[in-house]
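A quick write-up on the structure given underneath.
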Amino acid sequence: MAAAVAMTASCGTSNAGKSADGTVTLEFAQWWEPELPKGALRTLMDTFEAKNPGIKVKLLSGPYASTKEQVIAGAAAGTMSDVVGLDGAWINDFSKQGSLADLSALMKDSKYDESQLASQVKIDGTTLMIPAVNFVYPMFTNDDLLAKAGVSKPPSTRTEFTAAAVAISKADSNVKGWVLPLSQEAPNGIQNDVMSWVWASGGSMLKDGKPDLTNDAVHSAVDFVQDLWNKKVVSPGALTMKEQDKVEEFTNARVGMMIDSLAHIKLIRENNPKLKFSISAIPAVDGFTGKRGIPYAAWGIGIADNSPNKAEAWKLVDFLMSEETNAKLSSLSNSFPGNTKAVPDFVDSDELFKKAFEIYKSGTPANEFVGLPVAEQLMRSFDEELQKTLSGQQNVDTLLTNAQATWMKSF
Amino acid sequence: MKSTLKDPEPLLQTQWPVDPVKPRKAGWGGLKRRLAPYGFVSPTVILMFVLMLVPIVMVIGYSFMNNVIMTKHPKFVGLDNYVTILTDSVFHTALANTLIFTFASVAAHIVLGLLFAMLLNSPLLGTRFKALFRAVYVLPWLFTVAIIAVLWRLLLDPNGVINFLLMNAGIIDSKIEWLSSPGTALFAVTFINIWAGYPFYMVSILAGLQGIPKDLYEAATVDGANGFQKFLHVTLPQLKPIIISMAMLDLIWTSQQFALIWMTTGGGPINVTEMLSTYTYKLAFSQYQFSLASASAVVILLLSMILAFFYIRHQKARD
């Protein structure tokens with residue numbers, strides 16, 4: 001462990017530089033390549049190289065967690081790759097380190113039309129990350145299990161959701177209504193499966209950019225989660241369950257409903273071709289008529305402040321965010337484009353994605369963890385308090401008060 | 001009275017042929033000869049310096065600074081990080097869990113390793129059975145930690161094989177959430193670690209058993225010792241050096257176990273399986289508190305060094 005901490009500071013990836021013939025080699029560190037079809041990202045890079053003679057791209061690919069560690073190490077040692085794949089949850093901390101380049105300035109220098117970008121992640125008014133593609137998290141429902149439980153259509157309110165979850169759990173003792181992953185190893189269940197209920201009903205966990213966990217919207221959502229837990233309609237093993245376990249439970253028809261990324265549709269279909277399932281907006285509180293927040297996770301992109309080739313790095317970002325490339329990237333990853341003009345292939349060819357795109361367009365992308373300091377730790381500390389509550393060690397008021405106090409220390 | 005006796009002549013005088021000592025020439029050849037041993041060990045020394053000493057010194061240095069890595073110009077804060085770590089209730093929980101996990105694992109490793117080694121050494125088993133059991137018992141040792149974690153996550157899943165078997169046997173009447181229930185999680189991860197680690201003891205103790213001279217058992221038989229007495233007074237004393245060495249190494253290794261805990265429970269639920277290793281990792285890579293993580297790492301290093309000290313002293317005593 002001592003070595004690991006030291007290596008974080010002492011090691012990193014080396015910067016690409018110019019070769020003798022003037023060719024610039026950009027390093028592009030990301031976790032995208034392993035999650036895309038084999039060779040897909042390299043093909044896009046080949047297209048970029050063909051369009052930009054004199055620039056080569058070296059892909060540094062790894063799983064999400066190791067990419068994160070590598071980027072942290074690179075940021076500390078000043079050897080971060082020229083272009084980096086980023087998660088919005090990391091941005092605040094990298095901003096403190098000053099390790100990311102000011103994309104606002106680069107866009108201005110190259111007279112880039114910012115209006116085509118669906119969103120930008122800014123800290124103190126400076127763009128540090130551009131979401132290249134967005135993975136939205138709607139509600140997945142198993143049509144057969146719902147029908148077996150006598151539920152005719154996917155629930156659209158919390159009351160309907162509770163009733164459906166209870167009916168599904170009663171219809172078959174080996175099946176539960178909902179699945180809630182609360183692993184502390186990867187605590188993103190707090191973002192995707194708990195706070196999503198707050199955002200879906202137009203609520204917020206923040207006030208003026210600061211934590212506001214004791215407000216009515218958060219309280220009501222956590223009460224709702226606890227009610228489902230008390231009614232024993234949540235899949236067993238939740239406290240150590242990870243996102244992949246959640247998908248597996250749904251794929252194997254052991255759970256009737258889940259909130260999950262569209263990115264998993266292909267996986268679910270491959271692993272259980274017979275499974276009939278639908279996609280809907282996350283249910284809101286009864287009587288809610290406003291725009292529903294729909295949680296999302298993004299593959300963000302940024303440029304290292306230590307890069308000696310920022311102009312060339314921006315060309316790569318520009319290429320990836322262009323209408324044509326962004327549409328291809330989004331088609332390949334089953335996600336929605338970061339360029340507002342780009343339209344991925346699957347929207348017309350696949351009914352589920354067509355429905356998801358409608359949900360996406362009629363709602364508001366919501367992820368309040370993006371740009372927060374130590375975002376993952378915020379999820380983990382909330383997770384710990386929620387686990388205590390679900391285990392009967394404290395009530396919801398104590399949970400929210402404790403989590404609020406812990407979160408405030410990070411701001 | 002003055003003795004008139006002469007000193008006796010030595011009965012035997014041996015004269016060794018002695019080469020006249022030639023003065024060494026301080027030339028290139030002599031220098032080369034003297035430097036040769038250093039040349040041979042230098043790759044190892046350089047590697048150890050770069051990969052062990054430098055990181056350790058760096059981490060010790062970090063532990064006395066305010067937040068390194070995340071701060072461009074860290075400042076010296078003395079023992080502040082140690083005070084923060086040592087007064088943190090989660091650290092206390094992690095320390096207690098580490099002690100329980102480590103001592104339970106090591107104790108069970110010894111007992112199981114000894115038991116299986118004696119079974120494999122027993123004359124009651126035929127050669128074919130011995131070969132079969134040897135292959136079966138050593139299996140856990142062949143898996144990597146990642147495979148062990150995935151395997152046991154599946155087995156201990158509420159819908160997994162273990163619950164299925166226990167329910168069918170009528171031992172339990174409802175599914176147990178082995179890894180996700182605060183009441184059973186520490187027991188479950190300890191059990192997995194025991195399962196994964198006993199073959200190392202078994203193989204080593206088996207080698208030790210096969211090295212015990214048969215005449216010791218024959219002598220004990222002549223003295224009228226029964227089986228248990230032979231085990232107590234012959235087998236155990238003969239195996240004592242092996243068992244002590246392995247137990248000390250195992251204490252060091254197990255107290256630093258990270259991957260298994262991280263991949264099965266992540267230190268949860270709540271903090272019931274939080275270990276010093278997972279606590280340190282979270283400080284570094286979740287909270288980005290690299291100085292606190294360094295202080296925690298130094299505490300682990302000191303605890304490990306205490307165990308290493310006893311291990312080395314034991315090894316020296318054996319020599």
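The values are calculated or read from the model by the stated rules, or taken from the named source; none is laboratory data. Note that the structure is predicted; figures quoted are calculated from it, not measured. Ideal geometry is used to build each Cβ from the backbone, glycine not excepted, and the neighbour counts take in all protein chains shown. Only protein heavy atoms, including side chains, enter the accessible area calculation; ligands, DNA and RNA are left aside. Shrake-Rupley method; radii C 1.70, N 1.55, O 1.52, S 1.80 Å.
Tabulated data
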item: Selection status of residue B:200, open to solvent by 60 Å² or more (accessible area, probe 1.4 Å), assigned to a helix (DSSP H, G or I) and either at pLDDT below 95 or out of contact with any strand residue (DSSP E or B) (no Cβ under 8 Å at 6 or more places or on another chain) (or both); result: no
item: Subset of the stretch B:151-183 (residues that are more than 28 Å from the chain's Cα centre (by Cα) and of a type in the set (S, T, N, Q)); result: B:159, B:163, B:168, B:174, B:181
item: Matching residues in the stretch A:277-317 - criterion: being more than 23 Å from the chain's Cα centre (by Cα), modelled with pLDDT of 95 or more and assigned to a loop (DSSP other than H, G, I, E, B); result: A:285
item: Inter-residue pairs, beta-carbon under 9 Å, first more than 11 Å from every other protein chain (Cβ to nearest Cβ) and open to solvent by 20 Å² or more (accessible area, probe 1.4 Å) and in the stretch A:228-246, second outside any helix (DSSP H, G or I) and of a type outside the set (Lys, Arg), 6+ apart; result: A:229/A:180; A:231/A:177; A:243/A:181; A:243/A:183; A:243/A:186; A:243/A:188; A:243/A:260; A:243/A:261
item: Out of B:192, B:110, sole residue that is under 18 Å from the mean Cα position of the chain (by Cα), closer than 21 Å to residue A:238 by Cα and in contact (Cβ under 8 Å) with a residue 12 or more places away in the chain; result: B:192
item: Filter result (within 22 Å of the chain's Cα centre (by Cα), facing chain A (nearest Cβ under 10 Å), touching a residue at least 24 places away in the same chain (Cβ under 8 Å) and open to solvent by 10 Å² or more (accessible area, probe 1.4 Å)) within the stretch B:280-319; result: B:298, B:300, B:301, B:304
item: Residues of the stretch A:147-188 satisfying the condition of being away from chain B (no Cβ under 14 Å) and either of a type in the set (Phe, Trp, Tyr) or within 25 Å of residue A:384 (Cα to Cα) (or both); result: A:158, A:161, A:162, A:165, A:177, A:178
item: Scope the stretch A:332-391; condition over 30 Å from residue A:95 (Cα atoms), within 14 Å of another protein chain (Cβ to nearest Cβ) and open to solvent by 10 Å² or more (accessible area, probe 1.4 Å); matching residues; result: A:388, A:390, A:391
item: Selection within the stretch B:118-158 - open to solvent by less than 50 Å² (accessible area, probe 1.4 Å) and part of a loop (DSSP other than H, G, I, E, B); result: B:122, B:125, B:126, B:156, B:157, B:158
item: Subset of the stretch B:258-279 [within 7 Å of another protein chain (Cβ to nearest Cβ) and more than 22 Å from residue B:303 (Cα to Cα)]; result: B:265, B:266, B:268, B:269, B:270
item: Search result, residues across the stretch B:176-187 that are crowded, with 24+ Cβ neighbours inside 10 Å and among the aliphatic types (A, V, I, L, M); result: B:179, B:185
item: Complete set of residues in the stretch B:205-220 that are in contact (Cβ under 8 Å) with a residue 40 or more places away in the chain and surrounded by fewer than 18 Cβ atoms within 10 Å (Cβ to Cβ); result: B:210
item: Residue in the stretch B:233-248 that is outside any helix (DSSP H, G or I) and either among the β-branched types (Val, Ile, Thr) or buried (at least 22 other Cβ atoms within 10 Å of the Cβ) (or both) present; result: no
item: Qualifying position, being touching a Phe, Trp or Tyr at 6+ places or on another chain (Cβ under 8 Å), open to solvent by 10 Å² or more (accessible area, probe 1.4 Å) and either more than 10 Å from chain B (Cβ to nearest Cβ) or of a type in the set (Lys, Arg) (or both), among A:89, A:75; result: A:89
